[in-house]
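Reading through the structure tokens given below for one structure.
The values are calculated or read from the model by the stated rules, or taken from the named source; none is laboratory data. Given the structure is predicted, the values throughout are model-derived calculations rather than measurements. Cβ placement follows ideal geometry from the backbone for every residue including glycine, while neighbour counts extend to all protein chains displayed. For the accessible areas, the whole protein counts, side chains as well, though only heavy atoms, and no ligand, DNA or RNA atoms are used. Shrake-Rupley method; radii C 1.70, N 1.55, O 1.52, S 1.80 Å.
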Amino acid sequence: MSFTLLSSPLQGFTDFRFRNAQHKYFGGIDTYYAPYIRLNGKMVIKSSYKRDLLPENNNTLTVIPQVITNDPDEFLFVAKYVQSLGYKELNWNLGCPYPMVTKSGMGSGLICNPAKIDEVLQKAHNESDILVSMKMRMGYENSEEILNSFPILDKYPLKNIAIHARIGKQLYKGGVDLDAFQKCIDVAKHQLYYNGDITNVAGFKAMQERFPSIDHFMIGRGLIADPFLPQMIKDNTTEYPEDRWQRFEAFHNEIYQQYDEALSGPTPIKMKMLGFWEYFSKSFDNPQKTYKQIKKAGNQKKYQLAVKEILSNEKKL
């Protein structure tokens, strides 16, 4: 059965630098979702968002921009902006679980408010011709919330609804709720995409078997932890390529160099790479020891030595 693999956006991680390098060294992702644009009541697109969506920064990839908002005018403003860059689709984030977002009634904190969802979608469809897709959780407090929103969503010609099978207040803790996702399949009129906890080939196959009607799967944290994963899923193999660590090293060096140029000073690059290694280390032989080595590296020189040592140990195994 043919299927499509999508990269789920993660704020602070999956910008154009990561996307391009993942595509170049590993492949396997058909469509990348850019991390969300947030306006905070000001009708201004921040320069980091602009850079992330510039066509010249994404010319080898298929990318879909994303917005997070609960305001119809903001949605429309972003829709017109991304259309001016040549994008045909805008994904609306009703999935973000972080309290600073949900407390403002956005992300997964908006799913319990079908009237507000209706207001935004109505304006988007009446006043623009952009294709709208959704990225959602099951709800914030409970998984009934999404079911209550479907009658509103059914009114609009949405391209698809990608569902992360958790509720917002779980953040990323606890398991995914596959029974609740099945309930969504049973009642939704739109095409659904599955998202949540695809971290290895066996896990992907289990989802495929469990949900035979789903043919679009999103990989989020699993992609950062193991950038080889999408292509391994496509090739139906659990074997890594022989040049696994050489390829990872080239990928790492490319993103490191690009972030180092983009960020000013030693502290931001250290924090940025530490964030990545929290995920990367999960694919190493000894995740805790690997992460600890990176954390201990006090300056850039020590960091580069630590990476070299970690990778040379893996190559020997």
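Here the calculated FRET efficiency for Met43 and Lys88, from their Cβ-Cβ distance with R0 = 22 Å, stands at 0.50, rounded to the nearest 0.05. Which one of Gln22, Val63, Ala162 is farthest out on the positive end of the charge dipole of region 4-235, using unit charges on Cβ (Lys, Arg +1; Asp, Glu -1) and the Cα centre as origin? Final value for the positive-end residue is Gln22. Ranking Gln257, Ala297, Gln246 by how far each Cα lies toward the positive end of the dipole of region 230-300 (charges on Cβ) leaves Ala297 at the top.
Taken along the Cα-to-beta-carbon direction at a fixed 7 Å, the label points for Ser104 and Lys159 span 2.5 nm. Our helix-only sum for the chain, with -39,500 (n - 2.57) per DSSP H run of n ≥ 4 divided by its residues, gives a mean residue ellipticity at 222 nm of -14500 deg cm²/dmol. Counting only the backbone N, which residues of region 90-112 are under 19 Å from the spot 7 Å out from the Cα of Thr4 toward its beta-carbon? Residues 90-94 fall inside that zone.
Rounded to the nearest Å, what's the spacing between the alpha carbon centres of region 153-172 and region 173-231? Just the number, please. About 13 Å separates the Cα centre of region 153-172 from the one of region 173-231. Between Gln11 and Glu242, the FRET efficiency from the beta-carbon distance, with R0 = 35 Å, is close to 0.50. Candidates Ile146, Leu94, Ser48 compared by Cα position along the dipole of the chain: farthest toward the positive end lies Ser48, with charges placed on Cβ. Assuming a ≥ b ≥ c are the square roots of the Cα gyration tensor eigenvalues, decide whether region 269-313 counts as rounded (a/c under 1.5), prolate (otherwise, with a/b larger than b/c) or oblate. Here region 269-313 falls in the oblate category.
Multiplying the residue separation of Asp285 and Leu305 by 0.36 nm and removing their Cα-Cα distance gives an extension gain of 5.4 nm.
In degrees, nearest 10, range 0 to 90: what is the angle between the Cα axis of helix 16-25 and the longest Cα principal axis of the chain? Tilt relative to the chain: about 60 degrees.
Share of carbon and sulfur in the accessible area of the chain stands at 50%, probe radius 1.4 Å. Taking Cα atoms only, the orientation of helix 72-84 departs from the longest principal axis of the chain by about 60 degrees. When Rg and the Kirkwood radius Rh are both evaluated on Cα atoms of region 164-304, their ratio Rg/Rh stands at 1.04. Per residue, the chain exposes 45 Å² of solvent-accessible protein surface, assessed with a 1.4 angstrom probe and all protein chains in place.
Taking every alpha-carbon pair in the chain and binning the separations at 20 Å intervals from zero gives 32, 58, 10, 0 percent. Ordering 122-130, 234-242 by mean Cβ neighbour count within 10 Å, with the highest value first, yields 122-130, 234-242.
In a simple Cβ point-charge model (Lys, Arg +1; Asp, Glu -1; nothing else charged), the chain has a dipole of about 1100 debye relative to its Cα centre. Nearest 10 degrees, 0 to 90: what angle lies between the long axis of helix 144-153 and the longest principal axis of the chain (Cα atoms)? Here the helix axis deviates by roughly 60 degrees.
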